[in-house]
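Asker: After the C-alpha cells below, expect a handful of questions from me.
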Amino acid sequence: MMVLTKSETRAAEEAAEKRGLSGLRLMENAGAAAAKHLGELSGQRVCVMCGSGNNGGDGFVTARKLKLSGAQVSVIMVTGAAKTESSKETFRRMTDAGVPVFDFFADKNDCLRLISMAEIIIDAIFGTGYNGRPDPYINEALIAANSSGAKRVALDIPTGLMCDSGEVPGICFKADETISFIGLKPCHILFPSSEFCGKTVGVAIGIEDKDINGRLHVIDPPELPSPGHRDNKYTRGVAAIDAGSYGMAGAAALCAKAASLSGAGLVKVKLIEEIYPILAVMLPQAVFCRDDKLPDKA
C-alpha cells in the first residue's frame, strides 16, 4: 500500500479535482467509505467528534450515513462551526438528516455525557492538518474519549499526531482502529505515533493511481502455503545462501534459520571453513558447502 505524506496527499487530491472530482465529492466518498467499513451499527450509540475543517466534513458525512442506516448518532463540534465550503455543505446535509449537534464549548456537560455513554466514538477533529498546538478544550475532549469504554475509531489520522514525522507532541486520541483515506500516512507506521492508530485500514475514495505520486510503499507479507503430505525438500523449494565471514557467523546463522522457518525445503549455505563448526551445531537441518557453486535448483 502507498504511504503518502501530507503534501503528497494534497497533490493527489488536487490531481483528482483536475479530473473533475470535486472536493465535496471526495469528502462524500470518504465519509461513505468510512461508514461502509464500520458496517451495520443499527441501534448502537455513536458519538462523532468533529473539527471545523475537512476532516470534520468527513465526520459529518460518516455521521449522516450511519444515522440513515439506523445508528443512534450524535455529533460534537470540538473546534467550533464548520469553516470550509465542503464541510459547511456536508454539515447542512447532516443536520437535514436529523443528526443532533452539540458544541463542546457551550454544551460541555452534555458532550461529556454523550462521550461516556457512547458505544463507538469517531474522531474527525483533525486530519493531516494538525499543527501540534495544544488546546485545552480539544485536550479535554480527547481525555474523555480515551477514558471511555467505547470502541474508538479515527478518520484518516488520530487527532494529536503529526502526519509526516510520527511525533506525538501532547495528548492524542488513542484509536482502536484508524480508517485512512487514499493510502497510509507516515504516522501510521512510524514510532511513537503508530501506537495510537490501532489497526489501520485504507479505504478508496475515488482517487486513482495516476493521481498519486508517492515514493514509499508498505509491502504486505506473503502468505506461505503449508506443506502437504507428498511434499519433500525439493518441492518445498531450495534456498541458497552465501553469507558469513570470520568473526561474523551470526549473519549466516540468522539468514539460514529465517529461510528454514519461512518454509524452504532445503537450505544450502556457502561459507568459509572457519565458521562451519559454529553453524553446523546451530543449524543441523542445513547443508553446507565451502567452494561448491550454489545449487541450480535454488
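The values are calculated or read from the model by the stated rules, or taken from the named source; none is laboratory data. It should be emphasised that the depicted structure is a prediction, and the values quoted were computed from it without experimental measurement. Positions of Cβ are backbone-derived with ideal geometry, glycine not excepted, and every protein chain shown enters the neighbour counts. Heads up: the accessible areas ignore ligands, DNA and RNA and are worked out on the full protein's heavy atoms, side chains in. Shrake-Rupley method; radii C 1.70, N 1.55, O 1.52, S 1.80 Å.
Asker: Out of the helices (runs of 4 or more DSSP H) lying entirely within the stretch 23-121, which hold 2 or more residues that are closer than 30 Å to residue 11 by Cα, touching a strand residue (DSSP E or B) at 6+ places or on another chain (Cβ under 8 Å) and small (Gly, Ala, Ser)? So that I can check it myself, show each step before the final result.
Answerer: Working: elements: 23-38, 54-68, 85-96, 108-117.
Counting at least 2 such residues, we get 23-38, 54-68.
Asker: Looking at the stretch 112-128, which of its residues are within 13 Å of residue 147 (Cα to Cα), within 20 Å of the chain's Cα centre (by Cα) and buried (at least 24 other Cβ atoms within 10 Å of the Cβ)?
Answerer: 121
Asker: Here is a follow-up. So if I check each of 109, 131, which one is open to solvent by 60 Å² or more (accessible area, probe 1.4 Å) and closer than 21 Å to residue 4 by Cα?
Answerer: Values: 109 fails: closer than 21 Å to residue 4 by Cα.
Only one candidate passes the filter, namely 131.
Asker: Need the failing condition index for residue 298 against (1) in contact (Cβ under 8 Å) with a residue 40 or more places away in the chain; (2) of a type in the set (Gly, Ala, Ser); (3) in a helix (DSSP H, G or I), just the number.
Answerer: It is condition (3) that residue 298 fails.
Asker: Confirm whether residue 14 is at pLDDT 95 or above and out of contact with any Leu (no Cβ under 7 Å at 6 or more places or on another chain).
Answerer: Values: at pLDDT 95 or above: yes; out of contact with any Leu (no Cβ under 7 Å at 6 or more places or on another chain): yes.
Against the criterion (at pLDDT 95 or above and out of contact with any Leu (no Cβ under 7 Å at 6 or more places or on another chain)), residue 14 qualifies.
Asker: Considering (1) open to solvent by less than 20 Å² (accessible area, probe 1.4 Å); (2) at pLDDT 95 or above; (3) touching a Gly at 6+ places or on another chain (Cβ under 9 Å), say which one residue 167 fails and leave the rest.
Answerer: Of everything listed in (1) open to solvent by less than 20 Å² (accessible area, probe 1.4 Å); (2) at pLDDT 95 or above; (3) touching a Gly at 6+ places or on another chain (Cβ under 9 Å), residue 167 misses just condition (1).
Asker: Give 224, 254 a once-over and let me know the one that is part of a loop (DSSP other than H, G, I, E, B), closer than 30 Å to residue 3 by Cβ, open to solvent by 50 Å² or more (accessible area, probe 1.4 Å) and of a type in the set (A, V, I, L, M, F, W, C).
Answerer: Values: 254 fails: part of a loop (DSSP other than H, G, I, E, B).
The conditions single out 224.
Asker: Restricting the stretch 235-251 to residues that are crowded, with 18+ Cβ neighbours inside 10 Å and aliphatic (A, V, I, L, M), which is farthest from residue 225 (Cα to Cα)?
Answerer: In this case the residue turns out to be 249.
Asker: Follow-up question, since we're still on this one. Just the residues that are open to solvent by 40 Å² or more (accessible area, probe 1.4 Å) and either within 18 Å of residue 260 (Cβ to Cβ) or modelled with pLDDT under 90 (or both), please, taken from the stretch 206-221.
Answerer: Hits for the stretch 206-221 are 215, 216, 217, 218, 219, 220, 221.
Asker: Then there's this: Since residue 232 meets every condition but one in (1) in contact with a Gly (Cβ under 9 Å, 6 or more places away or on another chain); (2) open to solvent by less than 60 Å² (accessible area, probe 1.4 Å), which condition does it not meet?
Answerer: (2)
Asker: Which condition breaks for residue 55 when tested against (1) crowded, with 24+ Cβ neighbours inside 10 Å; (2) at pLDDT below 95; (3) not aliphatic (A, V, I, L, M)?
Answerer: (2)
Asker: Still on this structure: Just to be sure, is residue 198 more than 22 Å from residue 47 (Cα to Cα), touching a residue at least 40 places away in the same chain (Cβ under 8 Å) and among the small types (Gly, Ala, Ser)?
Answerer: Numbers: more than 22 Å from residue 47 (Cα to Cα): no; touching a residue at least 40 places away in the same chain (Cβ under 8 Å): yes; among the small types (Gly, Ala, Ser): yes.
No: the conditions fail for residue 198.
Asker: Considering 165, 180, 194, which residue is closer than 30 Å to residue 25 by Cα, assigned to a helix (DSSP H, G or I) and among the polar types (S, T, N, Q)?
Answerer: Working: 165 fails: assigned to a helix (DSSP H, G or I); 180 fails: assigned to a helix (DSSP H, G or I).
Going through 165, 180, 194 in turn, the sole match is 194.
Asker: Here are the criteria: (1) in a helix (DSSP H, G or I); (2) within 29 Å of the chain's Cα centre (by Cα); (3) of a type outside the set (A, V, I, L, M). Tell me which single one residue 260 does not satisfy.
Answerer: Unmet condition: (2).
Asker: Tell me whether the stretch 41-54 contains one or more residues that are under 20 Å from residue 27 (Cα atoms) and without any contact (Cβ under 8 Å) to a residue 40 or more places away in the chain.
Answerer: Yes - at least one qualifying residue is present in the stretch 41-54.
Asker: Next question. Within the stretch 151-162, can you find the residues that are on the phi < 0 side of the Ramachandran plot and in a loop (DSSP other than H, G, I, E, B)?
Answerer: Restricting attention to the stretch 151-162, the residues satisfying the condition of being on the phi < 0 side of the Ramachandran plot are 151-155, 157-159, 161-162.
Within the stretch 151-162, 157, 158, 159, 161, 162 meet the criteria.
Asker: Would a scan of the stretch 187-201 turn up a residue that is open to solvent by less than 30 Å² (accessible area, probe 1.4 Å), touching a Gly at 6+ places or on another chain (Cβ under 7 Å) and of a type in the set (S, T, N, Q)?
Answerer: There is at least one residue in the stretch 187-201 that is open to solvent by less than 30 Å² (accessible area, probe 1.4 Å), touching a Gly at 6+ places or on another chain (Cβ under 7 Å) and of a type in the set (S, T, N, Q).
Asker: OK, next. Given the criteria modelled with pLDDT under 95 and not in a loop (DSSP other than H, G, I, E, B), does residue 137 qualify? Let's see the steps before the verdict.
Answerer: Values: modelled with pLDDT under 95: yes; not in a loop (DSSP other than H, G, I, E, B): yes.
It is true that residue 137 is modelled with pLDDT under 95 and not in a loop (DSSP other than H, G, I, E, B).
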